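First comes the structure, then the notes that go with it.
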Amino acid sequence: MMRRARHLAPFVAGLLGLLAMGGCSSHHNLGQARYRANCGICHHGGEGMLGEIPPLTGRIDRIARTPDGRHYLVDVLLNGLNGPLVANGDRYNFSMPSFRRLSDTEIAAILTYLSASGGRTDPPSFAAGDVAAQRAAPLGPSRVADERQALDRLHPLP
């Protein structure tokens with residue numbers, strides 16, 4: 001039995017190394033840390049607060065499936081969002097602040113982390129370059145709400 005365990009040790013060590021490289025990337029860790037420090041205050045673990053703060057988990061990955069959805073999500077973090085919205089069939093009327101103070105890398109990491117938390121096997125990811133391109137054209141939070149309404153007409157949002 002000990003002999004078999006010794007032969008399996010290199011295999012198990014290699015497997016654990018592969019899992020560590022694939023499952024715990026520094027981008028994921030950065031996204032999780034920045035989410036907790038900036039977004040988790042209101043959105044908690046991603047479930048939000050019924051009637052007050054919309055949930056994020058299971059929605060961000062679905063919104064990010066289209067280029068328009070990805071653009072909208074970056075705009076939300078860069079510019080904030082005001083006004084009523086419907087998420088998962090529930091109504092919310094809230095004001096989210098801009099997170100423009102965060103770097104492009106941090107915003108991309110937060111969105112990638114949230115997208116991965118949706119449970120899809122192929123969650124969309126975000127790059128700092130995508131954020132940088134949109135940072136140059138600031139919007140007010142009410143304009144982001146208008147963008148949401150237009151997007152919802154094209155691709156109904158969860």
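Computed quantities for the displayed model
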| read-out | value |
| --- | --- |
| Net charge of neighbours whose Cβ lies under 14 Å from the Cβ of residue 54, counting Lys and Arg as +1 and Asp and Glu as -1 | 0 |
| Per-residue SASA entry for residue 35, accessible area with 1.4 Å probe, Å² rounded to 10 | 10 |
| Top positive-direction residue, dipole computed over the range 82-158 with Cβ charges, set 137, 124, 82 | 82 |
| Residue 26 paired with residue 57, simple spin-label distance in nm, labels 7 Å along Cα-to-beta-carbon | 2.8 |
| Efficiency of FRET between residue 121 and residue 143 - r from beta-carbon atoms, R0 35 angstrom, step 0.05 | 0.55 |
| Reduced Cα scattering model of the range 75-119, Debye log10 I(q)/I(0), q = 0.26, 0.33 Å⁻¹ | -0.98, -1.03 |
| Cα gyration tensor category, rounded, prolate or oblate, for the range 66-158 with a/c compared to 1.5 | oblate |
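The values are calculated or read from the model by the stated rules, or taken from the named source; none is laboratory data. Since we're looking at a predicted model, the values are computed, not measured. Note: ideal-geometry Cβ built from the backbone for every residue, glycine included; neighbour counts use all protein chains shown. Side chains are part of the model used for accessible areas, which takes the heavy atoms of the whole protein and leaves out ligands, DNA and RNA. Shrake-Rupley method; radii C 1.70, N 1.55, O 1.52, S 1.80 Å.
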